[in-house]
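Data first, discussion second: the structure below is written as structure tokens.
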Amino acid sequence: MRAGGRPGSIGFTVVEVLIVLAIAGVLGTFGLSRYQDYRERARVYAAVGDIGAMSATIQQYAIDNRVPPDSLGQVGLAGKLDPWGRKYEYFNLVTLKGNGKARKDKKLNPLNTDFDLYSVGKDGLTSSSLQAKQSRDDVVRARDGKFVGLASDFDP
């Protein structure tokens, strides 16, 4: 016989079941949060890898043709989507087709001299300045390819 129970009763009380459910709920919430953080980091790493590979393709085109391509379509990357399902943004800064759209750092200096290539990130919003709140989650190429990563991690 259990203490406090009826003779011959076997099982859990309602209070015990509620305590177990509460503990499971807290652990599940924590686990889900950690999993979502992990998935977001994985998406950022995938975008960094994509931008690095795309940048190499664009740079090879620029070596062969003396100028970067005017669009990603010229190097076979027109339909390339970032890990969030959006098209990568590209602007040729050498020709007039990209001027005026150059991404800028915190001091409003252009990030690149040849071309800009970036993902608008998780929220899908962006601004020309990396200091703007909507640009902080963008995955950018800066310093002519010497930096590829989150805009929030870029320090000019």
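None of the figures in this text is laboratory data; all of them are computed from the coordinates on show. Since we're looking at a predicted model, the values are computed, not measured. Don't worry about glycine lacking a Cβ; one is built from the backbone with ideal geometry, like all the others, and counts go over all protein chains shown.
List of remarks:
- Conditions (1) in a helix (DSSP H, G or I); (2) over 23 Å from residue 152 (Cβ atoms); (3) of a type in the set (A, V, I, L, M, F, W, C); (4) in contact with a helix residue (DSSP H, G or I) (Cβ under 8 Å, 6 or more places away or on another chain); number of the one not met by residue 78: (1)
- For segment 120-141, the set of residues classified as outside any loop (DSSP other than H, G, I, E, B) and farther than 16 Å from residue 40 by Cβ consists of 129, 133, 134, 135, 140, 141, listed by residue number.
- From 59, 74, residue being in contact (Cβ under 8 Å) with a residue 60 or more places away in the chain, farther than 28 Å from residue 39 by Cα and polar (S, T, N, Q): 59
- Test result for residue 55, in a helix (DSSP H, G or I), out of contact with any Phe, Trp or Tyr (no Cβ under 7 Å at 6 or more places or on another chain) and surrounded by 14 or more Cβ atoms within 10 Å (Cβ to Cβ): yes
- Evaluation of residue 67 against the conditions (1) touching a residue at least 40 places away in the same chain (Cβ under 8 Å); (2) more than 15 Å from residue 43 (Cβ to Cβ); (3) surrounded by fewer than 15 Cβ atoms within 10 Å (Cβ to Cβ); (4) not charged (D, E, K, R) shows that the sole unmet condition is (1).
- Failed criterion for residue 106 (all others in (1) over 16 Å from the mean Cα position of the chain (by Cα); (2) surrounded by 14 or more Cβ atoms within 10 Å (Cβ to Cβ) hold): (2)
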